[in-house]
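A short write-up of the structure that comes next.
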Amino acid sequence: MSATIIKGKEVAAEMRAALKEEVAALKEKGIAPGLSVILVGDNPASQSYVKSKAKACEEIGIVSEVIRRDADITEEELLREIDGLNENPNVHGILVQLPLPKHINEKSVLNRISLAKDVDGFHPMSVGNLVIGDECFLPCTPYGIIELIKRSGEEIAGKHAVVVGRSNIVGKPVALLLLQENATVSIAHSRTQDLPGLTRQADILVSAVGNPRFIKAEDIKPGAIVIDVGNGVDENGKLVGDVDFDAAKEVASYITPVPGGVGPMTITMLLNNTVEAAKRMNRL
Ligand code: GUN
């Protein structure tokens, strides 16, 4: 039987509609949730991501500003920019678009963002809080993945989750969140021996490596929930995920497509975190 397709785009639209109402209600109380995004340099992918984030904010009523700085900005200048945003009561969320130019220390920059405004969840202290299960802003893509699995109605607790990929942005945090939801978690990576042997044991398989269609149907346990975080391009220029979707959907019970699966959830969770930050700052 063919898998149920987890339509991230539809879930994201539902969540954004609810957030829009929440923002309107906050504005009636005199609170206008605000997000500031800092973009350094002219990396085309970063420019496109930042544009999408600003548009999504506008659509639901979050006040957003994009602060563009030349690639030759000094680290000190960038840190001062962040200090200003940390002190600005109208700014509830701060996001520094990565990657940064090589002469700037990414860790120092992320460290400078006030924890209360760290809507990306990349501050080392937010990461630490995630590890120990304390309250913190969750990084947006992993948060979106957990939301998609929960909304499928399937239980996470007790299942064997295999995460392929160990990046700080997706692999590691999604593994921690699955653990927090009481899954038994394995993390696989480029040095894992017999990767197909491991993925075939996964009740929940999350792939975040960016290798087009490298997970084949025969690598998937029948009935598994398959979450595809890849967004690569195939030989025909088509946007594809890590999973060979057409074949895999005949084996899995639930599967996310690319595009239209995890992707739309990332910005949605950023909006969610920004609204949450505004509420927390106003003790709501
Ligand atoms: N670069 C690529 N993805 C992201 C993201 O989610 N947040 C930030 N800050 N930079 C990124």
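All of the numbers you see were taken from the coordinates with simple rules; none came from a lab. As the structure is a computational prediction, the values presented were derived from the model and not from experiment. Here the Cβ is made from the backbone with ideal geometry for all residues, glycine too, and neighbour counts use every protein chain on show.
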Item to check | Calculated log₁₀ intensity ratio I(q)/I(0) where the Debye formula runs over C-alpha points of region 204-257, q = 0.15, 0.16, 0.18, 0.24 Å⁻¹ | outcome: -0.33, -0.38, -0.47, -0.81
Checklist entry - Any idea what diffusion coefficient region 1-62 gets from Stokes-Einstein, in µm²/s, Kirkwood Rh on alpha carbon pairs, 25 °C, 0.890 mPa s? => result 177 µm²/s
Checklist entry - When DSSP assigns beta bridges and you keep just the ones with both residues in the chain, what percent turn out antiparallel, to the nearest 5? => result 5 percent
Checklist entry - What ranking do 27-39, 203-215 get when scored by the average of other Cβ atoms within 10 Å per residue, highest first? => result 203-215, 27-39
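Ratio of alpha-carbon Rg to the 2.2 N^0.38 Å globular estimate for region 69-146, to two decimals, please.
1.13
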Checklist entry - When you take every Cα atom in the chain, what is the radius of gyration, and what is Dmax, the widest Cα pair distance, in Å? => result 19.2, 58
Checklist entry - How big is D, in µm² s⁻¹, for region 124-271 by Stokes-Einstein at 25 °C and 0.890 mPa s if Rh is the Kirkwood radius over C-alpha pairs? => result 162 µm²/s
Next on the checklist: Counting other beta carbons within 10 Å of each residue's own, what order do H92, H123 fall into, fewest first?
Outcome noted: H123, H92
Checklist outcome for this item: Treating only Lys and Arg (+1) and Asp and Glu (-1) as charged, each at its beta carbon, one finds that the chain has a dipole about its Cα centre, in Debye to the nearest 20, of 240 debye
Checklist outcome for this item: Net charge near D70 (other residues with Cβ under 13 Å of its Cβ; Lys, Arg +1; Asp, Glu -1) is -2
Checklist outcome for this item: Rounded to the nearest Å, the spacing of the alpha-carbon centers of region 216-281 and region 21-72 is 24 Å
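I'd like the projected area of region 1-134, averaged over all directions, using the convex hull of its alpha carbons. Report it in nm² with one decimal.
Reported value for the Cα convex hull: 10.9 nm².
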Checklist entry - With charges only on Cβ, +1 for K and R and -1 for D and E, what is the dipole size of region 1-97 about its Cα centre, in debye, rounded to 20? => result 560 debye
